[in-house]
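A quick write-up on the structure given underneath.
The values are calculated or read from the model by the stated rules, or taken from the named source; none is laboratory data. What you see is a predicted model, and the numbers here were worked out from it, not measured in a lab. Positions of Cβ are generated from backbone atoms using ideal geometry, with glycine treated the same way; all protein chains shown enter the neighbour counts. To get the accessible areas, we keep the full protein, side chains included, count just its heavy atoms, and leave off ligands, DNA and RNA. Shrake-Rupley method; radii C 1.70, N 1.55, O 1.52, S 1.80 Å.
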Amino acid sequence: MVRDFVVSLDLDDTLVTDNRLERTVALARLDTLAAEHDTRYDRAAAEFAIDEFLSSDREHDRGTDIFIAWFYERFARAGRSAMNAAHGYRAAAIAEAANHVTAIPGARETLAELDRLTIPYAMLTNGWSPLQEAKASLIGFRGSVFVSERIGARKPAPEAFAPLREHFGVPFGRIWHVGDNPRADCGGAKRVGMTTVWFDRQSGRYPADVAAPDYVVHSQAELLALLTRERACAAPRKGALPQ
């Protein structure tokens, strides 16, 4: 039987690293606002607050503006200008993306080989738009990009994965999802019936309470070897009829 498949890829820490882009921009703008309002603030507390927000498993991304506005009001005493500053934060993050985003070693080669092998692929990432699309563009990603803020659901929610099935037009069982986050990527994708690949670049510990991934890779080279091997198994033999 021909094992045809398509690939869904996570973005952050799977294809790119953004070198703490959002944190850097938020704190830089906080410094500017604090100076404008002649305010001194607790730097350690501000860093803790932004780090907690960016690492949180929040249910949706539409709270970004609300949090950033609170952040600027709390530490810079920005008052009514806090919400405008929050909107400016988004624009600043996008403008700075090119100075922070770098491809994970081997990521560009993986994408090029997927193109050569004619394996359909797309991206599913938690985050906000259009920052995530901008980051994908910076590494030359040519597939469709699905971002949680636009979807209205974050991985690992089953609703976050639904656009992939609609986009590819295949059952979940034919979609391979690759990601670095055991809960959001592997656990969520496994729950809807996808084949899961844990991109364990940091040699982490997989949570015992999350369904085990189907495959584990530690580099883009290993991922590419896995997908190439699977593509070879999926290719019909000469003279054989596909089933």
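Being of a type in the set (A, V, I, L, M), under 20 Å from ALA103 (Cβ atoms) and surrounded by fewer than 20 Cβ atoms within 10 Å (Cβ to Cβ) is the requirement here; does LEU117 meet it? When the stated conditions are applied, LEU117 passes them. Within the bounds of segment 171-179, is there any residue that is in a helix (DSSP H, G or I) and touching a helix residue (DSSP H, G or I) at 6+ places or on another chain (Cβ under 7 Å)? The answer is yes, given that some residue of segment 171-179 is in a helix (DSSP H, G or I) and touching a helix residue (DSSP H, G or I) at 6+ places or on another chain (Cβ under 7 Å). Residues that are more than 13 Å from the chain's Cα centre (by Cα), closer than 18 Å to CYS233 by Cβ and of a type in the set (A, V, I, L, M, F, W, C) within segment 159-181 comprise VAL170, ILE175, TRP176, listed in sequence order. The set of residues in segment 45-59 that are over 19 Å from LEU30 (Cα atoms) and open to solvent by 90 Å² or more (accessible area, probe 1.4 Å) comprises ASP57, GLU59.
Can you name the residue in segment 156-186 that is open to solvent by less than 10 Å² (accessible area, probe 1.4 Å) and not aliphatic (A, V, I, L, M) and, of all such residues, is farthest from ASP200 (Cα to Cα)? Of everything passing the filter in segment 156-186, PHE161 is farthest from ASP200 (Cα to Cα). If we scan segment 182-203, do we find a residue that is over 18 Å from the mean Cα position of the chain (by Cα), in a loop (DSSP other than H, G, I, E, B) and of a type in the set (A, V, I, L, M, F, W, C)? Looking through segment 182-203, at least one residue is over 18 Å from the mean Cα position of the chain (by Cα), in a loop (DSSP other than H, G, I, E, B) and of a type in the set (A, V, I, L, M, F, W, C).
The set of residues in segment 84-95 that are open to solvent by 70 Å² or more (accessible area, probe 1.4 Å) and not hydrophobic (A, V, I, L, M, F, W, C) comprises ASN84, HIS87. Within the option set ALA46, ALA34, ALA97, ALA69, being farther than 28 Å from LEU223 by Cβ, of a type in the set (A, V, I, L, M) and in contact with a Leu (Cβ under 9 Å, 6 or more places away or on another chain) holds for one residue only, ALA46.
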